[in-house]
Amino acid sequence: MRLEDKVALVTGAGSGIGRDSAILFAKEGAAVVCVDLNENTARGTEAEIKSSGGRAIAIRADVAIGDDCREMVEAAERAFGKLNVLFNNAGIMHADDDDALSTTEHVWELTMDINARGVFLGCKYGIPALQRAGGGSVINTASLVALMGSAAAQVAYTASKGAVLAMTRELAIVHAKENIRINALCPGPLKTELLMKFLDTDAKLQRRLVHIPIGRFGETKEIAQAALWLASDESSFMTGAQFVIDGGISAAYVTPE
Ligand code: NAD
């Protein structure tokens, strides 16, 4: 098994990428700490893992709050004795996030608090646990919009993901000699509730689809597979990198008809 004897903490584990990753990590032998703001959905993921014979606990935490992040890491070490994999994945895309003219300061602050500060706090409290374990892997969920601009504006989200990517690179260098690898996942548009709520008209949907060479939105399971590789020792020479999984969007100048 690819994560045998490892302990992984996944934020946003109640839904989407986080849920699929938590379940996949457990299938590959990890004990998984399923963290979410929504305690019920975190418990749902925990139950699913346990029903297949895996090891998991559910923790309610708000990644934008320092005490919650400290406590989720403490809970991981208390339950399973150590932490090897930290997947800072929780994030939001606010329905009112738009261009700079119409996005409110409240939407900006909320988005930055969860998406950027949340990753910072996950690292602040999680990296010491990886140091205690003798090393490990940190995976931060950024986005393709950290690399490419979109005319379907979501300025706060895009800025927050740029922060995640820049922070990932710097932390990777700082901790490179400690056997701690830190990489960013950059998924393109996925068929998830988060994105489908944002692309709430057919016109908005088609506007995105036309730019995807593969011709469809990605699936959260496809991102979980990439996270698994980054979590495992198979990616042992990869750090400070952006792992782009986007159906070919960033490679395309003109997409096929
Ligand atoms: P999702 O909405 O299905 O899951 C996100 C989870 O995070 C939810 O369970 C939610 O309750 C939790 N969460 C939200 N705020 C939180 C907080 N403050 N503390 C703890 N948990 C919190 O979304 P998803 O599509 O699986 O997104 C996961 C990550 O992937 C996000 O960071 C998102 O920005 C990123 N991403 C998504 C897409 C996409 O197309 N869906 C593309 C690129 C990147």
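The values are calculated or read from the model by the stated rules, or taken from the named source; none is laboratory data. The model shown is predicted, which means the values in this text are computed figures rather than measured ones. As a convention, Cβ positions derive from the backbone with ideal geometry for all residues, glycine included, and neighbour counts pool all protein chains shown. Accessible surface areas use protein heavy atoms only, side chains included; no ligands, DNA or RNA. Shrake-Rupley method; radii C 1.70, N 1.55, O 1.52, S 1.80 Å.
Some notes on this structure:
- For the residues 138, 164, the requirement of being over 25 Å from residue 251 (Cβ atoms) and touching a residue at least 24 places away in the same chain (Cβ under 8 Å) singles out 138.
- Where strands (runs of 3 or more DSSP E) fall entirely within segment 54-141, those with at least 1 residues that are within 15 Å of residue 33 (Cα to Cα) and over 17 Å from the mean Cα position of the chain (by Cα) are at 55-60.
- All conditions in (1) in a helix (DSSP H, G or I); (2) under 22 Å from residue 230 (Cβ atoms); (3) at pLDDT 95 or above; (4) within 14 Å of the ligand (Cβ to nearest atom) hold for residue 172, with the sole exception of (4).
- Some residue of segment 10-25 being within 16 Å of the ligand (Cβ to nearest atom), in a loop (DSSP other than H, G, I, E, B), open to solvent by 20 Å² or more (accessible area, probe 1.4 Å) and under 20 Å from residue 129 (Cα atoms): no
- Some residue of segment 37-44 being under 22 Å from residue 184 (Cβ atoms), of a type outside the set (Gly, Ala, Ser) and in a loop (DSSP other than H, G, I, E, B): yes
- Qualifying residue in segment 162-169 (condition: outside any helix (DSSP H, G or I), among the β-branched types (Val, Ile, Thr), in contact with a strand residue (DSSP E or B) (Cβ under 7 Å, 6 or more places away or on another chain) and modelled with pLDDT of 95 or more): no
- Segment 182-197, residues that are more than 6 Å from the ligand (Cβ to nearest atom) and either part of a loop (DSSP other than H, G, I, E, B) or in contact with a helix residue (DSSP H, G or I) (Cβ under 7 Å, 6 or more places away or on another chain) (or both): 182, 183, 184, 185, 186, 188, 191
Results for (1) surrounded by 17 or more Cβ atoms within 10 Å (Cβ to Cβ); (2) touching an Asp or Glu at 6+ places or on another chain (Cβ under 9 Å), shown as yes or no for each residue.
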| residue | (1), (2) |
| --- | --- |
| 64 | yes, yes |
| 76 | yes, no |
| 90 | yes, yes |
| 105 | no, no |
| 116 | yes, no |
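- Which numbered condition residue 200 misses (of (1) assigned to a helix (DSSP H, G or I); (2) more than 12 Å from the ligand (Cβ to nearest atom); (3) out of contact with any Gly (no Cβ under 7 Å at 6 or more places or on another chain); (4) open to solvent by 90 Å² or more (accessible area, probe 1.4 Å)): (1)
- Residues in segment 1-47 that are over 23 Å from residue 218 (Cα atoms), more than 17 Å from the chain's Cα centre (by Cα) and not small (Gly, Ala, Ser): 1, 2, 3, 4, 5, 6, 39, 40, 43, 46.
- Every pair of residues 6+ apart whose Cβ atoms lie under 6 Å, when the first sits in segment 10-39 and is farther than 14 Å from residue 194 by Cβ while the second is near the ligand (Cβ under 6 Å from one of its atoms) and not in a loop (DSSP other than H, G, I, E, B): 10/18; 13/36; 35/11
- Check on residue 177, more than 10 Å from the ligand (Cβ to nearest atom), within 16 Å of residue 149 (Cα to Cα), among the basic types (Lys, Arg) and open to solvent by 60 Å² or more (accessible area, probe 1.4 Å): no
- Inspection of segment 204-214 finds no residue satisfying the criterion of being more than 23 Å from residue 119 (Cα to Cα) and under 18 Å from the mean Cα position of the chain (by Cα).
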